[in-house]
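First up is the structure itself, then whatever we jot down about it.
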Amino acid sequence: MTVEYKPRLVRKKCALAQKDRHEMKKNINRFLGIAVAVVLVVLTLIVITNFNWSWAWWGSAIATLITVLWFQNGSTTVEVGWEGLLLCIGERIDPPVTMGEGWHWVPFPFSLKLADCRETSVAIDPLTVLTADNIQVEISGTLVSKIMDLNKYFNVDPATIKQGIDDTWDEIIRTQVVVEEFEAVRKMHVAVGDKAKAALENQATSAWGIKVIRIPVTIKVKTEEVAADLELQAREKLQKKGQTTEAENFIALEAINIALANALGRILSGDKMRPF
């Protein structure tokens, strides 16, 4: 019998097995914490029930006290939406171990370096440029992202990430906007956001350990004459829409009045009322 080799299935099983091992490593500290807590309870009961002034009793009492302090020092809670990178005497261990939200036991010499892994937004510095038809516009955006890899994230200073975002933003704006006329630029909110997201995704994931979710874009006109014209157009559009709505309401009301008048006339003339 010939056995068919399925590389995709094998890779999937290996990935699941690796994930299970990783989850077990992340949660083993909780099991150890519970085990130490049980030992503490047993030691405390022994010390209380065998009270005397012997050296053995004093040794047991001191050992119990030290264990209590060690356990209390290692008990920590990671808030919802946060994660922690495990350190040993202030240094990362290899391979990196992260711990999610909830209670963990991280005794000395270990500790956790915490980071907020929820979605966060960073304002991108606005950039003022001229379009192809010499109209000044200001384009600003907000980067919405979340941390995906704590080990990579802690390798980079937040100021370096901010500078990298602003540099990429400037490059996208200058290559996409300055070659277009104003009418086209006004409709480029989504296109500019998608371009910036695509440009930042690779660098953000591979170098900074963050995932770019979306980049909402705002485009404002800085040339006063054009801004005034746009405001006037918007006002006229609203007025026209209001007039159209008022006319439609008047026509509908007239139709209802005519129908009611016809029905009343039939009733007064003695005819049977028919649906109108």
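The values are calculated or read from the model by the stated rules, or taken from the named source; none is laboratory data. Small disclaimer: the values here were computed from a predicted structure and weren't measured. Reconstructed Cβ throughout: ideal geometry from the backbone, glycine too, with neighbour counts over all protein chains shown. In case anyone asks, the SASA skips ligands and DNA or RNA and just uses the protein heavy atoms, side chains included. Shrake-Rupley method; radii C 1.70, N 1.55, O 1.52, S 1.80 Å.
With respect to Val106, is the statement that it is in contact with a helix residue (DSSP H, G or I) (Cβ under 8 Å, 6 or more places away or on another chain), more than 21 Å from Ile165 (Cα to Cα), surrounded by 16 or more Cβ atoms within 10 Å (Cβ to Cβ) and among the hydrophobic types (A, V, I, L, M, F, W, C) true? Judged against the criteria, Val106 is a match.
How about segment 144-164: which of its residues are part of a helix (DSSP H, G or I), modelled with pLDDT of 90 or more and hydrophobic (A, V, I, L, M, F, W, C)? Scanning segment 144-164 gives a single hit, Leu150.
The residues of segment 190-207 that are open to solvent by 70 Å² or more (accessible area, probe 1.4 Å) and either over 23 Å from Tyr153 (Cβ atoms) or among the small types (Gly, Ala, Ser) (or both), listed by number, are Val190, Asp194, Lys195.
Just the residues that are among the β-branched types (Val, Ile, Thr), at pLDDT 80 or above and surrounded by 12 or more Cβ atoms within 10 Å (Cβ to Cβ), please, taken from segment 30-63. Scanning segment 30-63 gives a single hit, Thr44.
Within the set Ile89, Ile66, Ile93, the sole residue that is more than 30 Å from the chain's Cα centre (by Cα), within 15 Å of Val106 (Cβ to Cβ) and surrounded by fewer than 13 Cβ atoms within 10 Å (Cβ to Cβ) turns out to be Ile89. In segment 127-137, the qualifying residues are those that are in contact (Cβ under 8 Å) with a residue 40 or more places away in the chain and open to solvent by 40 Å² or more (accessible area, probe 1.4 Å), and the one that is farthest from Glu83 (Cα to Cα) is Asp133.
Scanning segment 76-86 for residues that are of a type outside the set (Val, Ile, Thr) and open to solvent by less than 50 Å² (accessible area, probe 1.4 Å) yields Gly81, Gly84, Leu85, Leu86.
Counting the residues of segment 145-194 that are among the β-branched types (Val, Ile, Thr) and in contact with a Phe, Trp or Tyr (Cβ under 7 Å, 6 or more places away or on another chain) gives 3.
Only one residue in Ala184, Ala207, Ala199 is over 26 Å from the mean Cα position of the chain (by Cα), part of a helix (DSSP H, G or I) and of a type in the set (Gly, Ala, Ser). Which one? Sole residue among the options that is over 26 Å from the mean Cα position of the chain (by Cα), part of a helix (DSSP H, G or I) and of a type in the set (Gly, Ala, Ser): Ala184. The set of residues in segment 171-183 that are touching a residue at least 24 places away in the same chain (Cβ under 8 Å), surrounded by 15 or more Cβ atoms within 10 Å (Cβ to Cβ) and not β-branched (Val, Ile, Thr) comprises Glu180, Phe182.
Listed by first and then second residue, the pairs linking a residue in segment 79-104 that is within 16 Å of Arg30 (Cβ to Cβ) and part of a strand (DSSP E or B) to a residue that is open to solvent by less than 70 Å² (accessible area, probe 1.4 Å) and basic (Lys, Arg), with Cβ atoms under 9 Å apart and 6 or more places separating them unless they lie on different chains, are Leu86/Lys26; Thr98/Lys26; Met99/Lys26; Gly102/Arg30; Trp103/Arg30; His104/Lys26; His104/Arg30.
Does Leu114 satisfy being under 21 Å from Asp149 (Cα atoms), over 21 Å from the mean Cα position of the chain (by Cα) and surrounded by 13 or more Cβ atoms within 10 Å (Cβ to Cβ)? For Leu114, the condition - under 21 Å from Asp149 (Cα atoms), over 21 Å from the mean Cα position of the chain (by Cα) and surrounded by 13 or more Cβ atoms within 10 Å (Cβ to Cβ) - is not met.
Does Ala227 satisfy the condition of being in a helix (DSSP H, G or I), surrounded by 11 or more Cβ atoms within 10 Å (Cβ to Cβ) and modelled with pLDDT of 85 or more? The answer is no for Ala227.
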